[in-house]
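Okay, so here's the structure we're looking at.
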Amino acid sequence: MTRQTTRRRFVPRSTHVALSLAVTLAFAGFFAVASRVGHAAEPEATPATSWKAGVAKVVVTPEKSVWLAGYGSKRPPDGKLHDLWVKVLALEDEKGRRAVMITSDFQGVPKTMSDRVFARLKQKYALERDQVMLTFSHNHCGPRLGDDLVDYYPVEAEQVKLVDEYTAAMVEKLVAVVGESLSRLAPARLGIGAGKATFAVNRRNNPEAKVPELLANGTPLVGPVDHSVPVLTVMGPEGNLVAVLFGYACHPTTLSFTTWCGDYPGFAQLEVEQNHPGATALFVNTCGGDQNPLPRRSVELCERYGHLLATAVEDALKQPLKSISSGLRTAFEYVELPYLQVVTRKELIAAQADQSPIRARWATRMLRKLDAGETFAHSYPYPVHAWRLGKESLVIGLGAETVVDYALRFKREFGPGTWVCGYVDDMISYIPSRRVWEEGGYEGGSNLFEYGRPALRWAGDIEDRIAGTVHKLVKQVQD
Ligand SMILES: [Zn+2]
């Protein structure tokens, strides 16, 4: 989720392009990257494979007028730049142990939706919770889903119905496409590598309006970032690239218009798939909660960022990839994250008259719950995953909008081959590190009401609790 910082009216494409061209030309030096299209290198010293992999994908572009998600405003769609996708990479080791990575162009998947998917996957394919990560890129040109950010948008009965219908259809599609990926499990070789892309900017530390000037002057931007582009490749027996999963830590908020597309990850995946006919490119957002693609707000910049990311993937593929040895281990646990203070009836009554329509809608809805006899939970179950692939790769999956500190910390603590996915299973809210919590502000301060939680802030030990569970699960999959 990101606050709308630009005018909300629709700007015609030609204006977008003209404006963006000026901005882009001004920073041509900064962005200068040679277009290099190559074929994936074979993982070095590839042993006889013990892995199986299966890939499937499905178009999920809404056919009806479901609003676009992520900015707190009414955004009916006006067409599409390219389709939205759900993609699945299923893996199976030599002992038949399975893990399923689902990626999507969704802005935010709520727990009420993902729990339905997990229940169906267990019933239909005997997949347990630890075996499935349901990730979303956090694309702000994707559709609303279920009760995600329910108070964030002005309510309209017809829209509620459309979103409910679309969400139900997505549950079915997700289950079906996972089934398809499992049916395609076939011998494969896995490799890992990494590239680099530098367009993500720490948005807490660099005022958006000043970024163009800072870049033009060559002034270094400040604040933690994670510019690495981790890459996992799946090669068929003939050495053909079957799939490439890649990640980047940055909000897909280049665009704020009302045309369906996957924002920069959408463009990056298209380019990688064009470079490698027959291969499927999948994207995960790796802890980009406090990172923005800056400057932004034009299709041209969005395409450029997609190209920079695709180029980073191609660079990684040209290097010798590290082959992943046999053996899959998966672990999952919820860790309870306490709120600093649960909101009271008195506070909600006062908030009903708040100037912020989001806060007023939230207060009214929460009061209705209290009136119906509901009591508010004092904590929220936060999903944490750890997968070990061979000896070479550790994939950590964290729910919601994790700030970049989490990725930097766990990569430092667990070493090379560690991959930290944010935006897994449940949108929940921003997840600040201790540093960001102490600093406050948008990602660390009193904003939980925007996500519909019965509180304003997380308790200050949020990072300790998450890190404690991550370490526990990593130990489980490493033992
Ligand atoms: Zn966000």
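Descriptive notes on the structure:
- Restricting segment 340-398 to GluC sites (Glu not before Pro) that sit in a DSSP loop and have at most 11 other Cβ atoms within 10 Å of their own Cβ leaves E374.
- Under the simplified labelling scheme, the Q478-D354 pair shows an inter-label distance of 4.2 nm, with each label point 7 Å from Cα along Cα→Cβ.
- Local charge for K161 was computed over the other residues whose Cβ lies under 14 Å away, with Lys and Arg +1 and Asp and Glu -1, and equals -3.
- Its DSSP H runs of at least 4 residues, each contributing -39,500 (n - 2.57), put the calculated 222 nm mean residue ellipticity of the chain at -10000 deg cm²/dmol, to the nearest 500.
- Among T330, T219, the order by Cβ neighbours within 10 angstrom, fewest to most, reads T219, T330.
- Shown in residue order for segment 195-208 are the 3J(HN,Hα) couplings computed by the Karplus curve 6.51 cos²θ - 1.76 cosθ + 1.60 at θ = phi - 60°: x, 8, 9, 10, 7, 6, 10, 5, 6, 7, 9, 10, x, 3 Hz (x for Gly and Pro).
- Counting Lys and Arg as +1 and Asp and Glu as -1 over every other residue whose Cβ lies under 9 Å from the Cβ of K122, the net charge comes to +2.
- For the chain: relative contact order, % (alpha-carbon pairs under 8 angstrom, 6 or more apart): 19
- In order along segment 353-359, phi translates into HN-Hα couplings of 9, 5, 5, 6, x, 5, 5 Hz, rounded to whole numbers, per the Karplus curve 6.51 cos²θ - 1.76 cosθ + 1.60 with θ = phi - 60° and x for Gly and Pro.
- Placing unit charges on the Cβ atoms of the charged side chains and taking the dipole of the chain about its Cα centre, the candidate lying farthest along the positive direction among F267, G195, G399 is G399.
- For the chain, a crude dipole built from +1 on the beta carbon of Lys and Arg and -1 on the beta carbon of Asp and Glu, taken about the Cα centre, is about 300 debye to the nearest 20.
- Taking every DSSP bridge with both residues inside the chain, close to 75 percent are antiparallel.
- Taking all pairs of distinct alpha-carbon atoms in the chain, Kirkwood radius in angstrom: 22.6
- Reported to the nearest whole Å, the Cα centre-to-centre distance from segment 118-152 to segment 306-368 is 12.
- In sequence order, calculated HN-Hα J values of segment 412-421 (Karplus, 6.51, -1.76, 1.60; Hz; x Gly/Pro): 5, 6, 9, x, x, x, 8, 10, 10, 8
- Each peptide in 403-410, 455-462 receives the mean, over its residues, of other Cβ atoms within 10 Å, and ordering these scores from highest gives 403-410, 455-462.
- At an R0 of 30 angstrom, the distance between the Cβ atoms of A186 and Q274 translates into a FRET efficiency of 0.80.
- The label point for H378 and the one for E165, both projected 7 Å from the Cα toward the Cβ, are 4.4 nm apart.
- Neighbour net charge for E439 - beta-carbon separation under 15 angstrom, K R +1, D E -1: 0
- Rounded FRET efficiency, nearest 0.05, which uses the C-beta distance separating A126 from H471 and R0 of 35 Å: 0.75
- As a calculated quantity, the FRET efficiency between Q341 and R368 at R0 = 22 Å, using C-beta atoms, amounts to about 0.60.
Values in this text are rule-based calculations from the coordinates and carry no lab data. The structure presented is a predicted model; accordingly, all values stated were derived computationally and were not measured. Note that each Cβ is placed from the backbone with ideal geometry, even for glycine, and that neighbours are counted across all protein chains shown.
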